[in-house]
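J.: To start, I am sharing the structure in question, which I have written as structure tokens.
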């Protein structure tokens, strides 16, 4: 439980600065190895997060990390969530509203693809080709972003849900599953 409290302390210390810079804090993790504290911060902003933005945020929050009790000899890693991030917390549905996502419903083996329309009162609302679909709390076993389903993505194509998230199309047009 100490690690959870430490992560919460880090989040409370850096989130106001990150928010003031126009970013959403997606994830914070803290690890310790050989007396060194390693802090990983994942952030999001509409329009994306590049290397320059990661450097800017890193410079802004590094001094704040030195104020957190329990951290020693801190290393910091700042990154974007990636284009096919596995969503780890329901709060991420709000952060990624308007983005393409694939959802594996609890008790159902079929992935459902769509665009996150809303997340309210714990219920995820997806816009799918068949219409709006709601997933109440506990109804999602797994979810991951899928840039191919983003409305503005130049790579968007196909019907949401027509390919599992580990399937790729090679240059010859053949589909294969990643292992």
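Quick note: the coordinates plus some simple rules give every number you see, no bench work behind them. Only a predicted model underlies this, so the values are computations on that prediction, with no experimental measurement involved. All Cβ positions, even for glycine, are placed from backbone atoms using ideal geometry, and neighbour counts span all protein chains on display.
J.: How do 146, 121 line up, fewest other C-beta atoms within 10 Å first?
T.: On the way: 146 26, 121 7.
So the ranking, lowest neighbour count to highest, is 121, 146.
J.: Here is a follow-up. List residues of region 17-41, by number, whose backbone nitrogen lies under 18 Å from a label position 7 Å along Cα→C-beta of residue 2.
T.: Zone members listed by number: 29-39.
J.: Moving on. I'd like the FRET efficiency for residue 110 and residue 147, computed as 1/(1 + (r/R0)^6) with the beta carbon distance as r and R0 of 30 Å, rounded to 0.05. Before the final figure, lay out the partial values.
T.: Numbers: r = 21 Å, r/R0 = 0.69.
Given R0 = 30 Å and the Cβ-Cβ separation, E is 0.90.
J.: Pop a pseudo-label 7 angstrom from the Cα along the beta-carbon direction at both residue 36 and residue 20 and give the gap in nm to one decimal.
T.: Result for the modelled spin labels: 3.0 nm.
J.: Same structure, new question: Report the full-extension gain for the segment residue 73 to residue 133: residue separation times 0.36 nm, less the Cα-Cα distance, to one decimal in nm.
T.: On the way: separation 60, 0.36 × 60 = 21.60 nm, distance 4.73 nm.
Gain in length upon complete extension: 16.9 nm.
J.: Also, I was wondering about something else. If I model region 2-113 as equal point scatterers sitting on the Cα atoms and use the Debye formula, what is log10 I(q)/I(0) at q = 0.10, 0.16, 0.23 Å⁻¹?
T.: For region 2-113 at q = 0.10, 0.16, 0.23 Å⁻¹, log10 I(q)/I(0) is -0.34, -0.77, -1.30.
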